[in-house]
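Structure, as structure tokens:
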Amino acid sequence: MKLVAKQYNVSFDTLKKHTSPDYKADPKYRFYQGNHVESHLYEGIQPAEFYDKLENVLASQKFAFKINIALGYDLVSRTDDSETRYFHPNLSNTSVFNSPIAINSKADIHKKVISEIRSMELADKLNYPKSGYLVKATTGFKIFIYKREHALGDSEAVIPKAIRDNRSVINFPKTNNKCVFHCIAYHKQEDSKKDPRRIQSLVKQAFKQYCSYKDINYTLSLFRSFKPIDILQFDELEDCFQLNINVFTMDVETRKVECIRRSDKEYDAIHILSHENHALYIKNIDMLQCKYQCSKCEMIFVSSEKLRNHKKNQCELVNIESFPEDPTIYRPASNIIRSLLTKYSIKKTDQYIDHFIVYDFEAILKPTATQHGENTVFTNEHIPVSVSIADSLTEEVRCFVNDDPKELLKDMFQYISDVGTKIQQYNVFKYKPLLRKIIDAQGLAGMEIPGVSLGNTYKTQDVDAWARSGDFASFFDFHSKLGFGKKLSDYGKIKQTLDQVPVFGFNSGRYDINLIKADLFATIGTDNINTVIKNPSYMCIATSDMKMLDISNYVPAGTSYAKYLSTYLGDCKCDDRIRCVCGLGKGIFPYEYITSFNVLNETKVPPQSAFDSKLRGTSISGDDYERVKFVWEYYDMKSIKDLLIWYNNLDVVPFIKAIKAQRELFKRFNLDMFTDGVSLPGLSEKVMYQTCFNNLQYPDKKPANAFQFPVKRLGGYKSQDAKAKREFGMTLDHLDTLLQNQKYLCGLCYCQLTEDTASADRINNKLGHIDGNILVSCAKCNTARKDMSIKEFRYKKLLELNSDRLVYSIDKEEKDVYAKMKANIAGGPSIIFNRYAKRNETKIRGGKVCKKIIGYDANALYLWALGNEMPCGRLTTIEAYDGIVEDIVADKNFGFLECDILTPDHLKDYFSKMTPIFKNTLIDCADESVIGHHMYKYNEALKQSRAKPARKLIGSYFGEKILIYAPLLKWYISHGLKISKTYCFIKASSHKAFAPFMEAVSNARREGDVDKSKAMIAEMMKLVGNSAFGRSGMDMSKHKEVKYESNDKAIKSKIEHFTFHGLEELNDSCEITMKKRRLNNKNPIHLSIAIYQLAKLRMLQFYYDCIDFYFDRSDFQYQ
């Protein structure tokens, strides 16, 4: 234990104080004690030990807390029993509860934790990297205890007027930390005229009774110095005084009352109000809470109307979901810079952020040899020792080396700040014409500019005057000092984009950030964090002046850095690999030799054995060691520190070039990797929709019959201008010329005009009806356009024309459709045949032995599905009616039918080898009647590795109340399946909206196969095709918000909040994960269900309409 204390730099007495009593007796146990969280890790245990150890930990808690549990487990390959993978207990992998559970009484431990877990199937909580694995055993778990502030007895608390004046509450004066005993003494007093100011003797008597119950010797000194008592200890008070103690809190602003502790014992009940750790006696709980209590979350409301609204929209146990108010065509967010360049007619500037920064860390591997469980040993602790930084603007490289991680980060981010300022200056200079146009068009408010009068709006002439007078050194100096609120103007939006300099790492979200995060947020500041996306690695950490991204999120999973460089830069072409100095050659460094910072000061080349890796079981070749010696001499190295700097820099110099090459591929689609997405799926979705919107159907523009503009309309226009004090100067000749030039079509929607529908629409609405400011349009467009620009309105009308060919978000009126879609998403089945076959054993073709079993992969199956009929237009729900199935089959209706479907008995044998209906359901692998005789025997033979009951996607003969997409439903009907009941129909328009995208991806891949110079583009398009539709089915309810706090009170407030999910203590702050409550559901989830069902349709067609049609089953199927 002394060694542990030394390693973690804590005193032996402190460690002993916070160590579990069973530490020495249980070597499989690890304990962590922090300011806001403690954890108990058990590894290498048997499942039977789980509940005993869990109850021991929970029973030992003295104060109110929240709890969650992570499971550790072994997976084993389905095909190779020797291939196993161990997943450490981590809340990102396997949290038992969706959110931490609040424990306010001892009874809560069994009711909310133990009983809940016993009712669960823990196997359902585990994550699998892929379907080829099954659970071998759950071998460990980690209990996270989040500390809460619920000790009552603070006599110094300031009680607000709203509570003081409430006649249902008694606030006892001068309680000296014994306000709980005041409440008990007052409640137990039977005198009808009892006075809360005269109960001191009764309080002392109650305290003596408690001391006697606890077997504590009462003294006056103990009475006077007694500390506040935590609500978790109220169980003892209840038994001591034979009382049920219920504790409430009140929100002073809203007057909402919430029950935080409710006793289920059979004693007389006492109600206590807790405020700022002070206990007040509640005389009449009914009057205080008005009895309007939510049965789900126990929140109390002052009126039945507010309770109804809460239950409908705001209950704390559910997400608050929002949908577009009106029918809306779905389109991913556009590039802000590009949108503003278009809006302000800037034509000679592109939308790309040109420059960026890259970094890479190296670490010392400090030996630890820490045992974790029976089979796991942590051999080294990674400590950051150096970081190399390069940028695309100056093309300079800097490497910082420091034995203090905190100082290393200070050096790193100071340098990033200095280089980032130069990149910001470049950005502002590039977009200065746009920025000045925005200022002139919208102006800047006084509150956005430091040191000026608040009531005025300022333009560029004011900015230039300030620069001339020396108030600002330059336009960039002015730009950098501007500040904007949450609701950003156009200038605020582009400033945010220009100021956030992209900072890239490779695999940094998993490795580098976790390596440095203990000190990272203390260095960059928790107040400066704008956005953190963690999924589960860090995808993006954004502050006001930088955006840390991971290039690994833009490439296929598992891509190594060497593979990334070779893909975009090619391999090293040097003939002499030993003397290679091109920058693409392999770097070599003796990681495991550097066990402390002092080793870096050694002045000789490390011996060849220093480059061996015990962890990997590898040694370097003689040529590799010769390369090390060449590099040492060529770069005139003086110490191993110089070798480290060379090695570290070698990782960032080509990195710049590779990113430049990669982003050029996305520029083909007018996309900027740096601003259009933080990952490949985000960019791919934009590519997919671009091809969709680039293939819109335009109006035919067939000329209409000629006519002259009605003379009688002129008077109306003249009076409009006179009333608005605008100039009028419009002539009939000019209007007739416009009509002729426009071929008598509306200049906005291109519909055919007549004398009744033609109108004179002002191009610039600030000017009057004058020649040169007129466009002839239909009356409807004239009224609808308002202040929208001509270009914007024409595009709006074009989208309306194509509304049945484009994908819509599900709007508020049809929000129930979203819930149905979400409940019916079923992914792709990994094994679709219910047939067992074994090489050299199974007999086919009249008794011949099967010599070969072949498995085929459906190449680009989802891409094919994406290119077929998609549910376009606005989705609407209609009641099912007699004959709806026939109408779907006859193509009179298109969409999704909610129905019951079954396979007739006479067709079950026909469909037995590949059951046609797919659904998610719980599979009990211990039931032979469910999984079949062969799979049951196989599973039982696995013994401890056998599969546990879990929800699986299965093939079935029937489905109840499931959504079926029209193309798949037509196949079912044509193959004899029966619809036994219909519920409703979700109507859509049928169109191959993404067929051009499918063709573009397929053509690029074909070209890459033929022309190797296009292989890079082909590989990128393959990734784009595979990931493009994934975001449409994204489950927003699983999203989390990550916040950073260093203030103790703010941390405790976050822990108490009902959306609290987890907490990790860093050196000077806490990383707090909160469940995202407000969900903006605009993603077209119906695309996902359509694509998945089309993929299943294709597999069914392949087997039953191709294989079964052209081959006799006896030729490939056992007898």
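Of the residues examined, residue 741 is not one that is within 35 Å of the chain's Cα centre (by Cα) and at pLDDT 95 or above.
If you go through region 753-791 and keep only what is of a type in the set (Asp, Glu), in contact (Cβ under 8 Å) with a residue 24 or more places away in the chain and surrounded by fewer than 15 Cβ atoms within 10 Å (Cβ to Cβ), you end up with 755, 771. Within region 960-1008, the set of residues being farther than 21 Å from residue 878 by Cα, buried (at least 19 other Cβ atoms within 10 Å of the Cβ) and touching a strand residue (DSSP E or B) at 6+ places or on another chain (Cβ under 9 Å) comprises 972, 977, 993, 994. The criterion of at least 1 residues that are in contact with an Asp or Glu (Cβ under 6 Å, 6 or more places away or on another chain), assigned by TED's automatic domain parsing to the domain that holds residue 234 and over 20 Å from residue 1064 (Cα atoms) is met by none of the strands (runs of 3 or more DSSP E) falling completely within region 19-119.
All of (1) of a type in the set (D, E, K, R); (2) over 30 Å from residue 1045 (Cα atoms); (3) in a loop (DSSP other than H, G, I, E, B) hold for residue 563 with one exception: (3).
The criterion of being crowded, with 17+ Cβ neighbours inside 10 Å, closer than 30 Å to residue 568 by Cβ and modelled with pLDDT under 90 holds for residue 1026. In summary, residue 441 fulfils each of the numbered conditions (1) surrounded by 13 or more Cβ atoms within 10 Å (Cβ to Cβ); (2) touching a residue at least 24 places away in the same chain (Cβ under 8 Å) with the single exception of condition (1).
Put simply, of 662, 697, 708, 720 the only residue that is surrounded by 18 or more Cβ atoms within 10 Å (Cβ to Cβ) and not small (Gly, Ala, Ser) is 662. When region 554-604 is examined, which residues are found to be out of contact with any Cys (no Cβ under 9 Å at 6 or more places or on another chain) and at positive phi? Once the filter is applied, which keeps residues that are out of contact with any Cys (no Cβ under 9 Å at 6 or more places or on another chain) and at positive phi, region 554-604 yields 558, 570. Within this structure, residue 261 passes the test of being basic (Lys, Arg), under 15 Å from residue 105 (Cα atoms) and outside the structural domain of residue 1058 (by TED's automatic domain parsing). In summary, residue 102 fulfils each of the numbered conditions (1) in contact with a strand residue (DSSP E or B) (Cβ under 7 Å, 6 or more places away or on another chain); (2) at pLDDT below 80 with the single exception of condition (2).
Does region 1090-1106 contain any residue that is hydrophobic (A, V, I, L, M, F, W, C), closer than 30 Å to residue 913 by Cα and surrounded by fewer than 15 Cβ atoms within 10 Å (Cβ to Cβ)? Yes: region 1090-1106 contains one or more residues that are hydrophobic (A, V, I, L, M, F, W, C), closer than 30 Å to residue 913 by Cα and surrounded by fewer than 15 Cβ atoms within 10 Å (Cβ to Cβ). Selection over region 566-581 of residues that are β-branched (Val, Ile, Thr) and part of a loop (DSSP other than H, G, I, E, B) gives a count of 2. Listed by first and then second residue, the pairs linking a residue in region 731-752 that is in a helix (DSSP H, G or I) to a residue that is surrounded by fewer than 15 Cβ atoms within 10 Å (Cβ to Cβ) and acidic (Asp, Glu), with Cβ atoms under 6 Å apart and 6 or more places separating them unless they lie on different chains, are 734/771.
The single condition from (1) in a loop (DSSP other than H, G, I, E, B); (2) in contact with a strand residue (DSSP E or B) (Cβ under 9 Å, 6 or more places away or on another chain); (3) among the aromatic types (Phe, Trp, Tyr) that residue 818 fails is (1). Within region 412-438, the set of residues being without any contact (Cβ under 8 Å) to a residue 24 or more places away in the chain and within 21 Å of residue 383 (Cβ to Cβ) comprises just one member, 414.
Here's the yes/no breakdown for (1) closer than 28 Å to residue 806 by Cα; (2) touching a residue at least 40 places away in the same chain (Cβ under 8 Å):
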position	(1), (2)
843	no, yes
854	no, no
860	yes, yes
869	yes, yes
909	no, no
920	no, yes
923	no, no
930	no, no
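May I ask you to verify whether residue 527 is charged (D, E, K, R), under 18 Å from residue 414 (Cα atoms) and touching a residue at least 12 places away in the same chain (Cβ under 8 Å)? Considered against the rule, which asks whether it is charged (D, E, K, R), under 18 Å from residue 414 (Cα atoms) and touching a residue at least 12 places away in the same chain (Cβ under 8 Å), residue 527 comes out as no. Return yes when residue 469 is among the hydroxyl-bearing types (Ser, Thr, Tyr), farther than 22 Å from residue 413 by Cβ, modelled with pLDDT under 95 and in contact with a Leu (Cβ under 9 Å, 6 or more places away or on another chain) and no when it is not. Criteria not met by residue 469.
Selection of region 1023-1072 for residues being closer than 30 Å to residue 993 by Cβ, charged (D, E, K, R) and assigned to a loop (DSSP other than H, G, I, E, B) yields only 1035.
The values are calculated or read from the model by the stated rules, or taken from the named source; none is laboratory data. Just so it is clear, the model here is predicted, and its values are computed rather than measured. Cβ: placed from backbone, ideal geometry, glycine included. Neighbour counts: every protein chain shown.
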